[in-house]
Amino acid sequence: MRKGLITFLLLTVVVLGFAVHNVWTLLMLLFTDGQLDAILKAELPAPNSVAINERPQLIPKIIHQTYVNDSIPTHWLGPQKSCLDLHPDYEYKLWTDKKAREFIAAEYPWFLETFDGYPYPIQRADAIRYFVLHHFGGIYIDLDDGCNRSLDPLLAYPAWVRRTKPTGISNDAMGAVPRHPFFLKAIDSLPGYNRKWFLPYITVMASTGPLYLSIIWRHYLNSSPSGDDRVRILFPEEYNSHSWSFFTHHLGNSWHRNDVKLIFWMGQHWVFLTLIGFTLGFSLLFCIYHTCIKQKQSSHSKSRFSYSRIPFYRRVSGKDIELNDRHEV
Ligand SMILES: *[C@@H]1O[C@H](CO)[C@@H](O)[C@H](O)[C@H]1NC(C)=O
């Protein structure tokens, strides 16, 4: 084999290995549907069934929500009220920025520096929910999610989250007993994932948001949790078509801007975008191979000088490729 080809193959293996190593968990996530941990509709009592009271109650009856301060915007008062009305016997905790910081300072001081250092407030809103679930247990619900029926049947599972399509899990509604190992892992891993990416939205998603929690979930599954350590999964579509849905979704005003829409689209299509990235990467490698290595082997008559510039090439016949240097065109 030619030396150039070997170099090229080695380079490809290194680049590919590096890329796959970095996105391995994401790739694994594509093949993780959580079906084995699904909370199936068939195992749940109907809304208003007396059988609900016969089920074990493991998760404490606490609803956690977060907002900047106590003045919840009017468009979220409806969903908030729907959850409060259906759960009169639950304790209600609204985590304002001030309360959240005090709580972290008092109970998880090792995290305070990371917590204060987050550049985006939404990162603190993401992080605090994992900590309060770890500390108190209970059910966390986003302010833009309303309740459609009593959450009592879900108290029977030590931990549960909601599945998202096409992959991963959401952090918008979750329940757990205090000190559940999954949420322990979720809080312990936060400092290590506190990295900046090129777009704010990706930074938020991958450092504290749903993508972060999905990656932690994928890692957590590697330890084959069993019994009470399992994280059970709600598949929203299973319930929606039967009006057994636990939650309803209400859009808040803050998500209507176009840049946010674009970023949401990117978030929803990250699988597709990752594939595009790989394709572009491979095309680039292929181009480098063709222009720098193949050309070198086939056109010895050209001076060394012409290879030191960015080469442009065009096909002149079925076999021959002519190298053009832009400075000479
Ligand atoms: C609560 O936060 C909102 C949004 O930042 C702000 O508009 C409002 O003035 C705040 N209310 C109080 C009482 O501080």
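The solvent-accessible area of LEU84, taken with every protein chain present and a 1.4 Å probe, is close to 70 Å².
Nonpolar atom fraction for segment 180-234, defined as the carbon and sulfur part of the 1.4 Å probe accessible area, stands at 56 percent. The accessible-area ordering, largest first, of the residues CYS287, CYS147 stands as CYS287, CYS147, per a 1.4 angstrom probe.
Can you tally the net charge around HIS249? Count Lys and Arg as +1, Asp and Glu as -1, for every other residue whose Cβ sits under 15 Å from the Cβ of HIS249.
Details: positive: ARG149, ARG162, ARG163, LYS165; negative: ASP142, ASP144, ASP145, ASP172, GLU237.
Neighbour charge sum, excluding HIS249 itself: -1.
Of the residues THR32, THR248, the one with the largest accessible area comes first in the ranking THR248, THR32, computed with a 1.4 Å probe on protein heavy atoms. Distant-in-sequence amide contacts of THR66, defined by a placed amide H-H separation under 5 Å and a gap of 5 or more residues or a different chain, comprise TRP95, LEU143.
Grab the other residues whose beta carbon is less than 9 angstrom from that of PRO79, score K and R as +1, D and E as -1, and report the net.
Numbers: positive: LYS81; negative: ASP142, ASP144, ASP145.
After counting each charged neighbour, the total is -2.
Rolling a 1.4 angstrom probe over the protein heavy atoms with all chains in place gives segment 32-268 an accessible area of 46 Å² per residue.
Can you give the net charge of the other residues whose Cβ lies under 12 Å from the Cβ of GLY146, counting K and R as +1 and D and E as -1? Write out the running numbers ahead of the final one.
On the way: positive: LYS81, ARG149; negative: ASP85, ASP142, ASP144, ASP145, ASP172.
Around GLY146, the surrounding residues sum to -3.
Near the amide H of ARG232, within less than 5 Å, lie the amide hydrogens of ALA159, TRP160, VAL161, all on another chain or at least 5 residues away, with H placed in the peptide plane.
Which of the pairs LYS61/LYS185; LYS81/LYS196; LYS81/LYS165; LYS93/LYS165; LYS61/LYS196 have their Cα atoms more than 26 Å apart in this structure? Before the final figure, lay out the partial values.
On the way: LYS61/LYS185 23 Å; LYS81/LYS196 36 Å; LYS81/LYS165 28 Å; LYS93/LYS165 29 Å; LYS61/LYS196 36 Å.
Over 26 Å apart, Cα to Cα: LYS81/LYS196; LYS81/LYS165; LYS93/LYS165; LYS61/LYS196.
Take every Cα pair under 8 Å whose residues are at least 6 apart in sequence, average their separation, divide by the length of segment 32-268, and the relative contact order is 27 percent. The loop-placed chymotrypsin sites (Phe, Trp or Tyr not before Pro) in segment 22-70, going by DSSP, that have at most 10 neighbouring Cβ atoms within 10 Å of their Cβ come out as PHE31. Of the residues HIS135, HIS219, HIS87, the one with the largest accessible area comes first in the ranking HIS219, HIS135, HIS87, computed with a 1.4 Å probe on protein heavy atoms. With the Cα gyration tensor of segment 173-246 giving a ≥ b ≥ c as the square roots of its eigenvalues, does the rule (a/c under 1.5 for rounded; else a/b larger than b/c for prolate; else oblate) give rounded, prolate or oblate? Because a/c hits 1.5 or more and a/b fails to exceed b/c, segment 173-246 counts as oblate. Take LEU11: with every protein chain present and a 1.4 Å probe, its accessible area is about 90 Å².
Between rounded, prolate and oblate, where does segment 32-268 land on the alpha carbon gyration tensor, with a ≥ b ≥ c its root eigenvalues, rounded for a/c under 1.5, else prolate if a/b exceeds b/c? Rounded, because the longest to shortest axis ratio a/c is under 1.5.
The values are calculated or read from the model by the stated rules, or taken from the named source; none is laboratory data. None of these values were measured; they are calculated from a predicted model. For neighbour counting, all protein chains shown are included, and Cβ atoms are generated from backbone atoms with ideal geometry for every residue, glycine included. All accessible areas refer to the heavy atoms of the entire protein, side chains included, with ligands and DNA or RNA removed. Shrake-Rupley method; radii C 1.70, N 1.55, O 1.52, S 1.80 Å.
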